[in-house]
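Trainee: Could you have a look at this structure, given as structure tokens, before my questions?
The values are calculated or read from the model by the stated rules, or taken from the named source; none is laboratory data. On a predicted model such as this, the values are computed, not experimentally measured, just so you know. We place every Cβ from the backbone using ideal geometry, glycine too, and count neighbours over all the protein chains shown. With ligands, DNA and RNA removed, areas are computed over all heavy atoms of the protein, side chains included. Shrake-Rupley method; radii C 1.70, N 1.55, O 1.52, S 1.80 Å.
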Amino acid sequence: MAETKIEIDNKLFQERASHFLNAWKADKRSGDALFGGVSSILLLLGKVEPENPEFHKNNAMHFWLLGYEFPTTLMLFTLDTLYILTTPKKAGYLDQIKGGRYPVEVLVRGKNAAENEKIFVKITDAIKAAGKKVGVLTKDTSKGPFVAEWKKVFAENCKDTEQVDVAQALSAAAFSVKDEAELRAMRSSSKACVALASYFVDEMSAILDEENKVKHRVLADKVFAKVEDKNFWKKTELPNGTKLPADLDPEGLDWILGPIVQSGGKFDLKWQIDSDDDVLHAGVIIAAMGLRYKSYCSQVARTYMVDPNKSQESNYKFLLSVHRLVMNSIRDGVAAKDVYAKALKYVREKKPELEKHFTKNVGFGVGLETKDPTLILNGKNGRTLRDGMTLCITTGFSDLQNPSPQDKNSKVYSLVLTDTIRVTSDSSVVSFTGEAPSDVDATSFFFKDDDDAQPTPKKEKRDSRVGAVATKNITSTRLRSERNTTVDEDADKRRREHQKILAQKKQKEGLAKYAESTADENGVEVKKFKRFESYKRDNQFPSKVKDMGIVLDPKNATIVLPVMGRPVPFHINTIKNASKSDEGEWSFLRINFLSPGQGVGRKDDQPFEDASAHFVRSLTFRSTDGDRYADIANQISNLKRDAVKKEQEKKDMEDVVEQDKLVEIRNRRPAVLDNVFIRPAMEGKRVPGKLEIHTNGIRYQSPLSTTQRVDILFSNVRHLFFQPCQHELIVIIHVHLKDPIIIGNKKKTRDVQFYREATDIQFDETGNRKRKYRYGDEDEFEAEQEERRRRAELDRLFKAFADKISEAGKGEGLQVDMPLRDLGFHGVPFRSNVYIQPTTECLIQITEPPFMVITLDDIEIAHLERVQFGLKNFDLVFVFKDFTRSPYHINTIPVESLDDVKEFLDSSDIAYSEGPLNLNWSVIMKTVTHDPHQFYIDGGWGFLQNDSDAEESEEEEEESAFEISESELGEASESSEEDSDFDSNASADASEDDEDASEDEEGEDWDELEAKAKKRDRESGLEEEEERAKSKKKQRKR
């Protein structure tokens, strides 16, 4: 050491020495329970071996008081004076602590043996003068000539002096409870341990992934060398992405433990064996390491499992629960033995077979000492834990039997977890090494191919009566007109009764929700007056205003107009429009401003701070330069348009949230799905990327650039869908988000989809060489079978990956939902006719963009529009519980799906109604949102149901007044289908046609009636023949 570097903090020395003496004196007053009644304390430090340093209480006292270690030095503490006996050079350093409140006398030992003996005698005289008891460290292992000489003199001169062990007293009164500076050093030491543990994980996973044979010692040496690598400490990050403490000096780091690497069935959880020359075994791997920073020590140990079986995972999860139980049990005032007893009881109750494998203690004190023997957390130590103590918590099971070993080295394994923590006054323990992951997902490595473990998909059973092509194409009917459109009266009656109950329930819920008048207070966005500021000071005006002309300032969105000889600024948001007109040789520029009562449209409905104030409606300017006025009018229009566009973009981005950072998996390869496309598409060339599953979300990575990626956190996922490629051209994993995100520089989106095309169009089979020589359909059969197999494999691959996403996000309640195609129906939610399918929780259309995802729980009621006889289509409208959302329309649904839609809505407990006309929903929702309380008092959504009931009652009256035969009914239905070929939006025309038809049918002559009667007779005869033919077929079957 250079002399200039030895600087002892005298102030800190006096503070800590006074603290120690006060605790000593307080113990004397309270009965000498801790110090044992000693009157002096002797600490002896012999020769230190640099190759094998030991850190015990004598060393710790040096570091705690002086900040340095002084070998071959004797310290004698009395209540009045501190005597220090050392060499001349060290004595020069120790002069820095003289002159304080606690007297210090430094004695110098030279090469003269006689003089040295006199000094030793002086020390013994001070011991005898202080009292008959002297405190010593009975387990002190100090060696060297200096120690031997002192022991000889002490034995001769202090025969009547009693030696008392003060190890626990030193620990309790001096350095077990840390101050803030000591805790900072402990924290820095622990963070450095975590960084090296993270580096070990990266190296270990690379070795296992590449299947290299590397010895334990080689891997340990690689980690060992990183302490002196300055570039490593500059670049490294902790596993959670945070940086190391800014004040961490790598030169102050030193190893106290290991690093120790163990695998292959040979484990020692006491860390008494260094890393050996055995090859790293891909099974259970234990890594432990400890560092010392500014004299303060910390340790961390983790167990890593490669391709673990269920028994190993179960035992590790149990160890994790024991470890957390121990840390949660540690707080101020708890006895050390109680912590161990609680952990042992938990093991005995939950898994008694593991009790004999449990460690004999669950930790020890750590700090200036690598291990405080007076602060071991075992079943016998009654010492009380205090706030500010630092402990090394170690829980583990040793020599466990593996029920399904992979090889001979996997028959026996051990599990261990070690963390450095701080004791607090409550149960919220501060873990300094908590950034080192210890959960099962972070410590388990899987290098086997998942596809190998997947069962082979079963071959589809095929009907022997049909060919390969026809297997998938058997339908119950040939034509659309043959579908069954008859109404199941029992089902319809059941639905009506259930709907009445749901309607009553909705009414009660609405009255309860809006129990008091909430006019204009129900969440509707109330327009507020916006203040606009063009300039704060006069010197910010454009320089052109001096000319007293019209000046446009696009930067500040302002127009400066000359009024009464002064430039007056007007913000663009105060201007309605500008127009230019010509009269003779003069051109006029008219600028209209916004003012109350000026417009009746939504855009003009703008609030004002004081509507009763005087407003300027318009300003008109005259000039002979018509081209300039035309240019100014155009610039004002463009400025107004840009301002409105900017405001709209700002409004659109209000609900876009910034997601948290994606935590990447570092200890193993993440689950990957390759060759998938994303919708909405990213910028640039359309190329397939890969989808990865990480710790707290998924990431889509484009191969074009590392910056082109999309991160989706599990916490932001509301629904996860998997849609197979059956009856479709693509297989899909679809994510519906809680809050929208931005993909690239495009607009926000709440739906992100990952898909792969199921068809193989890379080659054309129409002109290949096979068809020149093969005249049968064997090649077509093979191609279709191959495509069927390919589709089944795609479905299996995507379904398995969706399940992995669900498993990774189970903490957020993420589950895979699949559409029920059999319950689907066609409709037009946007512009194109698509197939809409229900799922367990939603109604979706994710095949074609724009996507449709409606959560059933968000729906207040559903209304069926244009439900009347003679129309081929009807519309479906969803009103959401959030009345501020616009109702959702699905148009042009085939009438054949009417019963299926009703049954779906009824089974989902969604109240629905139906009516013959399209309703003006903007007016209806404006009435609802204006005062929901009054709306529900007036009957709520009952007005929709009343229309449906009135329509049904009219139909019943008509049926009771007239009777018609089945043949006439069939004729009427056929004629209605033939005559009703009009589009879905022509409901008004349909009603007019019905009126015209009713007028034409009022008067028919006898000839027409007779012709109709003959026609009915002929049809009835045909029906009788068909019934006879059916009865004969039934007899043959019997």
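Trainee: Quick one: which of R324, R302, R292 is out of contact with any Asp or Glu (no Cβ under 9 Å at 6 or more places or on another chain), assigned to a strand (DSSP E or B) and basic (K, R)?
Mentor: Just a single option satisfies the conditions, and that option is R302.
Trainee: Just to verify a result, which residue in region 163-175, among those that are of a type in the set (G, A, S) and open to solvent by 10 Å² or more (accessible area, probe 1.4 Å), is farthest from the chain's Cα centre (by Cα)?
Mentor: The residue in question is A167.
Trainee: So, one more: Residues being in contact with a Gly (Cβ under 7 Å, 6 or more places away or on another chain) and not in a strand (DSSP E or B): count how many of those fall in region 124-168.
Mentor: 6
Trainee: Name the residue that is most open to solvent (accessible area, probe 1.4 Å), counting only residues in region 844-887 that are part of a loop (DSSP other than H, G, I, E, B) and aromatic (F, W, Y).
Mentor: F869
Trainee: Looking only at residues in region 105-136 that are more than 60 Å from the chain's Cα centre (by Cα) and of a type in the set (V, I, T), which one is surrounded by the most Cβ atoms within 10 Å (Cβ to Cβ)?
Mentor: So the residue we want is V134.
Trainee: Quickly run through region 553-587 and pick out the residues that are open to solvent by 70 Å² or more (accessible area, probe 1.4 Å), in a strand (DSSP E or B) and either at pLDDT 90 or above or closer than 16 Å to R622 by Cβ (or both).
Mentor: Passing the criteria: K580, D582, E583, W586.
Trainee: Among the residues of region 187-197, are any at pLDDT below 90, assigned to a helix (DSSP H, G or I) and not charged (D, E, K, R)?
Mentor: no
Trainee: I'm checking my understanding of the structure. Among residues of region 321-341 that are open to solvent by 10 Å² or more (accessible area, probe 1.4 Å), of a type in the set (A, V, I, L, M, F, W, C) and touching a strand residue (DSSP E or B) at 6+ places or on another chain (Cβ under 8 Å), which one is nearest to I393 (Cα to Cα)?
Mentor: Per the criteria, the residue is M327.
Trainee: Please specify each residue of region 633-667 satisfying the condition of being modelled with pLDDT under 85, of a type in the set (D, E), within 30 Å of P569 (Cβ to Cβ) and surrounded by 12 or more Cβ atoms within 10 Å (Cβ to Cβ).
Mentor: Within region 633-667, E647, D652 qualify.
Trainee: List every residue pair whose Cβ atoms lie under 8 Å apart, where the two residues are 6 or more positions apart in sequence or sit on different chains, the first residue falls within region 130-144 and is among the charged types (D, E, K, R), and the second residue, located anywhere, is part of a loop (DSSP other than H, G, I, E, B) and open to solvent by less than 30 Å² (accessible area, probe 1.4 Å).
Mentor: Hits for this filter: K132/S39; K132/T161; K133/G36; K133/G37; K133/V38; K133/S39; K133/T161; K143/G46.
Trainee: Yes or no: region 211-222 includes at least one residue that is assigned to a helix (DSSP H, G or I) and touching a Lys or Arg at 6+ places or on another chain (Cβ under 8 Å).
Mentor: no
Trainee: List the residue pairs whose Cβ atoms are under 6 Å apart, where the first residue sits in region 307-323 and is farther than 14 Å from S438 by Cβ, the second is β-branched (V, I, T) and open to solvent by less than 20 Å² (accessible area, probe 1.4 Å), and the two are 6 or more positions apart or on different chains.
Mentor: none
Trainee: Same structure, new question: Take the conditions open to solvent by less than 40 Å² (accessible area, probe 1.4 Å), over 30 Å from N361 (Cβ atoms) and either of a type in the set (V, I, T) or under 33 Å from the mean Cα position of the chain (by Cα) (or both) and apply them to L208. Does it pass?
Mentor: Yes: the conditions hold for L208.
Trainee: Does S886 satisfy the condition of being farther than 18 Å from L502 by Cβ and either out of contact with any helix residue (DSSP H, G or I) (no Cβ under 8 Å at 6 or more places or on another chain) or among the β-branched types (V, I, T) (or both)?
Mentor: no
Trainee: Of everything in region 528-552 that's of a type in the set (A, V, I, L, M, F, W, C) and out of contact with any Asp or Glu (no Cβ under 6 Å at 6 or more places or on another chain), which residue is surrounded by the most Cβ atoms within 10 Å (Cβ to Cβ)?
Mentor: I550
Trainee: Residues T424, T433, T418: which one is open to solvent by less than 40 Å² (accessible area, probe 1.4 Å) and part of a strand (DSSP E or B)?
Mentor: Just a single option satisfies the conditions, and that option is T418.
Trainee: Right, next: For region 235-254, which residues satisfy the criterion of being of a type in the set (S, T, N, Q) and open to solvent by 30 Å² or more (accessible area, probe 1.4 Å)?
Mentor: Residues satisfying the conditions are N240, T242.
Trainee: In region 668-698, how many are surrounded by fewer than 18 Cβ atoms within 10 Å (Cβ to Cβ) and under 29 Å from A282 (Cβ atoms)?
Mentor: 5
Residue-by-condition table, conditions (1) at pLDDT below 50; (2) of a type in the set (V, I, T):
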site	(1), (2)
T418	no, yes
A442	no, no
N473	yes, no
S481	yes, no
D490	no, no
R495	no, no
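Trainee: Pull out all pairs, ordered by first then second residue, where Cβ-Cβ is under 7 Å, the residues are six or more apart or on different chains, the first lies in region 670-687 and is closer than 11 Å to Y700 by Cα, and the second is hydroxyl-bearing (S, T, Y) and open to solvent by 40 Å² or more (accessible area, probe 1.4 Å).
Mentor: Listed by first residue and then by second, the contacts come to nothing, as the list is empty.
Trainee: Can you name every residue in region 82-123 that is in a loop (DSSP other than H, G, I, E, B) and either in contact (Cβ under 8 Å) with a residue 40 or more places away in the chain or on the phi > 0 side of the Ramachandran plot (or both)?
Mentor: Within region 82-123, G99, G100, R101, Y102 qualify.
Trainee: What number of residues in region 255-270 are of a type outside the set (V, I, T) and surrounded by 20 or more Cβ atoms within 10 Å (Cβ to Cβ)?
Mentor: Total meeting the criteria: 9.
Trainee: Here's a follow-up. Do we have D399 as of a type in the set (D, E) and assigned to a strand (DSSP E or B) here?
Mentor: It is true that D399 is of a type in the set (D, E) and assigned to a strand (DSSP E or B).
Trainee: Restricting to region 358-389, what's the tally of residues that are out of contact with any Asp or Glu (no Cβ under 8 Å at 6 or more places or on another chain) and in a strand (DSSP E or B)?
Mentor: The qualifying residues number 9.
Trainee: Considering only region 776-833, how many residues are of a type outside the set (F, W, Y), farther than 28 Å from V663 by Cα and in a helix (DSSP H, G or I)?
Mentor: 20
Trainee: For a quick check of your reading of the model, give me the residue pairs whose first member lies in region 842-856 and is of a type in the set (G, A, S), whose second is surrounded by fewer than 21 Cβ atoms within 10 Å (Cβ to Cβ), with beta-carbon atoms closer than 8 Å and at least 6 apart or on different chains.
Mentor: none
Trainee: Residue by residue through region 327-354, note down the ones that are part of a helix (DSSP H, G or I) and basic (K, R).
Mentor: Matches in region 327-354: K337, K342, K345, R348, K350.
Trainee: Quick check on R831: is it in contact (Cβ under 8 Å) with a residue 24 or more places away in the chain and over 30 Å from the mean Cα position of the chain (by Cα)?
Mentor: Against the criterion (in contact (Cβ under 8 Å) with a residue 24 or more places away in the chain and over 30 Å from the mean Cα position of the chain (by Cα)), R831 does not qualify.
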